[in-house]
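For reference, the structure is listed below as structure tokens.
The values are calculated or read from the model by the stated rules, or taken from the named source; none is laboratory data. All values derive from a computational prediction rather than experimental measurement. As a convention, Cβ positions derive from the backbone with ideal geometry for all residues, glycine included, and neighbour counts pool all protein chains shown. Keep in mind that these areas ignore ligands, DNA and RNA; they rest on the heavy atoms of the full protein, side chains included. Shrake-Rupley method; radii C 1.70, N 1.55, O 1.52, S 1.80 Å.
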Amino acid sequence: MVGIKYEDFLADGYEPDETELVCEFYIEPAEGLSMEDAAGRVASESSNGTWAELQVDQRIKDMSATAYDLDEEHGTIKVAYGPELFELTVDGGDTDPLNGTPSIPQILSCIAGNILGMKAVDRIRLMDCEWPEPLVEPFLGPQYGSSVRNEIFDAGDRPITATVPKPKVGLTTEQHVEVGYEAWTGGIDLLKDDENLTSQSFNRFEKRVVESLKARDRAEQETGEKKSYLINITADADTMKKRAEFVHEQGGEYVMVDIITTGWAALQTVREKTEELGLAIHAHRAMHAGFDRVPTHGVSMRCIAQFARIIGVDQLHTGTANLGKLENEDTVGINEWMYSDLYGKKDVLPMASGGLHPGLLSELVDRVGTNIGVQIGGGVHGHPGGTHDGAKALRQAIDAVVDGDDLASAGQEHEELGQALEKWGSESPR
Ligand code: CAP
Ligand code: MG
């Protein structure tokens with residue numbers, strides 16, 4: 001038997017191997033504790049130690065996480081977690097039928113669990129993760145990723161466009177469908193439910209799906225363009241599975257899931273179902289700011305995007321690079337990670353949204369490029385000419401930016417864009 005205590009979880013100069021999950025944390029040690037004291041406690045509490053010294057088998061001690069690369073100046077540490085700490089099927093191991101794939105919930109119960117509330121740190125934030133292949137490979141990952149732009153749409157090198165009816169909740173099904181038809185025939189690719197619209201009394205889910213997809217079919221005939229609908233199935237996991245099946249039966253191509261409020265386990269369940277049905281997942285991140293807004297505490301949006309991609313969303317809101325109405329964390333860096341190679345898993349299409357209008361699109365594309373989706377609600381439905389003209393203005397702005405034309409001259413050529421620019425200029429709303 002050997003003893004394990006906090007100091008045993010530290011090894012400066014440690015070099016993790018390719019099977020280990022490496023997490024970078026920002027920490028502020030509590031009064032009277034050094035970076036070493038705090039780092040040892042973080043690695044201990046997030047793997048297999050506790051405050052009291054324990055006598056354990058060497059096998060258990062070998063499983064302990066290791067804190068290293070302590071950077072006092074920047075307040076960061078790294079912690080390496082070996083594969084034994086996670087629910088991986090060991091080669092030739094047991095065949096327990098309930099031994100599933102590794103789950104994001106269980107991984108987070110290690111790396112973003114008790115440690116976020118430890119008294120040993122005044123602040124702690126999970127900043128970034130370096131994922132080992134054995135921990136990523138068992139997950140499905142995205143079914144389409146950014147290829148939706150050309151597999152579902154024929155968008156060429158332009159961003160795909162979406163709009164969400166506003167007011168975000170309150171429209172009857174008939175009013176919602178009418179807004180969708182006006183937006184689709186105005187040139188927008190995707191209608192989107194708002195994050196808190198699911199199946200309220202005035203706009204029930206099933207009727208909205210049936211009537212909206214009928215309107216979509218009419219809009220496709222009228223425009224000759226592919227149109228689709230991000231239908232919010234957010235609910236408990238069983239209901240989401242049934243809603244996804246209904247969307248598929250009705251000929252939809254997407255489901256939308258509020259991934260933070262539904263939770264990672266429910267998202268994994270929905271992802272299994274969408275694999276069976278061939279549906280793309282649009283991930284809304286409402287409530288993410290509860291984890292990532294404070295730069296010194298919680299879980300970064302970068303890590304939230306990593307969990308979402310590993311499970312397998314196809315589109316994910318990642319902000320407007322601070323152009324819109326909401327605080328954003330490193331939209332550009334997060335988008336780059338979402339496009340990066342991850343052991344052959346598909347990428348994820350970033351969705352820029354939140355306080356956008358046509359006058360901001362040139363600057364948006366300068367900041368984040370065109371391999372994105374652009375979602376605009378108020379900036380379409382608040383157009384002086386209403387939804388249809390707002391949709392036309394959005395598409396006119398997108399086409400101008402992709403063609404390298406400046407928006408002002410495009411606004412002279414296209415009346416609807418000109419009206420949007422006259423109303424909102426190129427200012428960011430708050
Ligand atoms: C945007 C939106 C989206 C936010 C989400 C809203 O509407 O529908 O939910 O963009 O934020 O409800 O605010 P507007 P993020 O276009 O009218 O602003 O994309 O940062 O996750
Ligand atoms: Mg919304």
Problem set entry | Answer from Phe291, Phe307 - the residue that is in a helix (DSSP H, G or I), more than 11 Å from the chain's Cα centre (by Cα) and touching a residue at least 12 places away in the same chain (Cβ under 8 Å) | Phe291
Exercise. Does at least one position in segment 330-344 carry a residue that is in a loop (DSSP other than H, G, I, E, B), touching a residue at least 40 places away in the same chain (Cβ under 8 Å) and open to solvent by less than 10 Å² (accessible area, probe 1.4 Å)?
Worked result: no
Problem set entry | Subset of segment 189-203 that is open to solvent by 10 Å² or more (accessible area, probe 1.4 Å) and over 16 Å from Met287 (Cα atoms) - its residue that is nearest to ligand 2 (Cβ to nearest atom) | Thr198
Seminar exercise, completed: Those residues of segment 144-176 that are buried (at least 24 other Cβ atoms within 10 Å of the Cβ), within 14 Å of ligand 2 (Cβ to nearest atom) and among the β-branched types (Val, Ile, Thr) come to a total of 2
Exercise. Can you name the residue in segment 262-288 that is touching a residue at least 60 places away in the same chain (Cβ under 8 Å) and of a type in the set (S, T, N, Q) and is also surrounded by the fewest Cβ atoms within 10 Å (Cβ to Cβ) among such residues?
Worked result: Gln268
Exercise. With segment 126-229 as the region, which helices (runs of 4 or more DSSP H) entirely inside it contain at least 2 residues that are more than 16 Å from ligand 1 (Cβ to nearest atom) and more than 30 Å from Ile111 (Cβ to Cβ)?
Worked result: 148-151, 173-185, 205-223
Seminar exercise, completed: Exactly one of Leu316, Leu407, Leu364 is of a type outside the set (Ser, Thr, Tyr), touching a Ser or Thr at 6+ places or on another chain (Cβ under 9 Å) and under 24 Å from Ala283 (Cα atoms), and that residue is Leu364
For this session: Would you point out which residue out of Gly377, Gly319 is within 16 Å of ligand 2 (Cβ to nearest atom), in contact (Cβ under 8 Å) with a residue 60 or more places away in the chain and open to solvent by less than 20 Å² (accessible area, probe 1.4 Å)?
Result: Gly377
Problem set entry | Residue under evaluation Arg59, criteria (1) in a helix (DSSP H, G or I); (2) in contact with a helix residue (DSSP H, G or I) (Cβ under 7 Å, 6 or more places away or on another chain), criterion not met | (2)
Exercise. What is the one condition in (1) at negative phi; (2) under 17 Å from the mean Cα position of the chain (by Cα); (3) not in a helix (DSSP H, G or I) that Pro105 does not satisfy?
Worked result: (3)
Problem set entry | Any chance Asn232 is open to solvent by less than 50 Å² (accessible area, probe 1.4 Å) and free of Cβ contacts under 8 Å to residues at least 40 places away in the same chain | no
For this session: Please state which of the following conditions Glu7 fails to meet, knowing it meets all the rest: (1) open to solvent by 60 Å² or more (accessible area, probe 1.4 Å); (2) at pLDDT 95 or above; (3) of a type outside the set (Gly, Ala, Ser); (4) not assigned by TED's automatic domain parsing to the domain that holds Val121.
Result: (2)
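Based on this model, can you work out whether Val257 counts as closer than 30 Å to Gly75 by Cα, within 16 Å of ligand 1 (Cβ to nearest atom) and either over 13 Å from the mean Cα position of the chain (by Cα) or β-branched (Val, Ile, Thr) (or both)?
no
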